[in-house]
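Everything on this sheet refers to the single structure shown next.
Here, each number is a calculation from the coordinates, and none is a lab measurement. From a predicted model like this one, the values you see are computed outputs, not experimental measurements. Virtual Cβ from ideal backbone geometry, glycine too; neighbours counted across all protein chains shown.
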Amino acid sequence: MDFAGGGSAKPKVEDPRGCCYGPQTGGTVRGFDTLREWLRVPRGLSLPRWVAARLSAPVARELELRRGTPLEDVTFGVLDLETTGLSSQRDRILEIGLVVLRRGRVLARFESLVDVGEPLPSGIVALTGIRDELLEGAPEEAAAVARVAALLSAHGVDVLVAHNARFDRGFFARAWRAHERPEPLPPFLCSVRAARRLVAAPRYGLDTLVAQLAIAPRARHRALGDAEMTADLWIELVARARLQGFHTLEALRGVAGVGPRRPRRRRVHVVELTA
């Protein structure tokens, strides 16, 4: 490719992003700094007009996907909770599992039962195998959340990941607020949302994805076991995201980010009274 400049002034070329290109004194080209760096063109050499016309928009898109925190610099905390029910307001956290990841490597694991202060529902006992006697001596929720907060701070966790993250975020954010943690709670990413974008599967439950992607099974419906399987799934999803051009945490949020909780619609029953 010939990058040699010189000669008479060339007409300006309009960049699709609105930047106007044209020669400067000494053969350099105005507005091409980013494109020059991408193509590794030495300073003092001009770029042909067709370079601006054909490459500026694709390079701009690629650079936009790479703008932000590179995924290799992100520390993920993969979280799973077992709870006494489905309502984050009425029910309580029963068990916490956490796996800290960076660059596809496990930095730390954490698990703790939580004393809920009341007998466990029989359905939860059947699902998890956690019985009341196992909770004897377990920390209360405030102490368990404090230990998680210390681990997140120690490893500089940037973002939390959960499978169906709205559920886990609802319980964990409620506990974080209730016990007045001074640290900001990291934002959540959802492995279900990422899997829907990056994996073709009949369903997107954890069991289905673990089987389809040949992830080693662990103890199901126990917090650490589910967190470890979700961590392996997340490593696979991040690798697939990279292949599709998502190279930063900010780009990945567009695939797996969890928005604010939507308020539940209140049902209104209308009763017609006859005179």
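Couple of notes before you dig in:
- Against the test of being of a type in the set (D, E, K, R) and buried (at least 16 other Cβ atoms within 10 Å of the Cβ), the options Asp80, Asp73, Asp132 yield a single qualifying residue, Asp80.
- Residue pairs whose Cβ atoms lie under 8 Å apart, separated by 6 or more positions or on different chains, with the first residue in the range 109-135 and at positive phi and the second of a type outside the set (D, E, K, R), are Gly129/His221.
- Residue within the range 153-166 that is assigned to a helix (DSSP H, G or I), under 23 Å from Val255 (Cα atoms) and under 22 Å from the mean Cα position of the chain (by Cα) present: yes
- The single condition among (1) part of a helix (DSSP H, G or I); (2) closer than 25 Å to Asp91 by Cβ; (3) in contact (Cβ under 8 Å) with a residue 40 or more places away in the chain that Asp207 does not satisfy is (3).
- Residue within the range 170-178 that is within 24 Å of Glu72 (Cα to Cα) and among the basic types (Lys, Arg) present: no
- Among the conditions (1) farther than 17 Å from Arg220 by Cα; (2) surrounded by 13 or more Cβ atoms within 10 Å (Cβ to Cβ), Val99 misses just one, which is (1).
- Tabulated pairs, the range 214-241, first in contact (Cβ under 8 Å) with a residue 40 or more places away in the chain and acidic (Asp, Glu), second buried (at least 19 other Cβ atoms within 10 Å of the Cβ) and in a helix (DSSP H, G or I), C-beta under 8 angstrom, 6+ apart or interchain: Asp226/Leu206
- Answer residue from the range 102-117, given it is assigned to a loop (DSSP other than H, G, I, E, B) and more than 18 Å from the chain's Cα centre (by Cα) and is surrounded by the most Cβ atoms within 10 Å (Cβ to Cβ) among those: Val114
Yes or no, residue by residue, for (1) farther than 18 Å from His221 by Cα; (2) buried (at least 21 other Cβ atoms within 10 Å of the Cβ); (3) charged (D, E, K, R):
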residue	(1), (2), (3)
Leu120	no, no, no
Ile124	no, no, no
Ala150	yes, no, no
His155	yes, no, no
Val161	no, yes, no
Asn164	no, no, no
Ala175	yes, yes, no
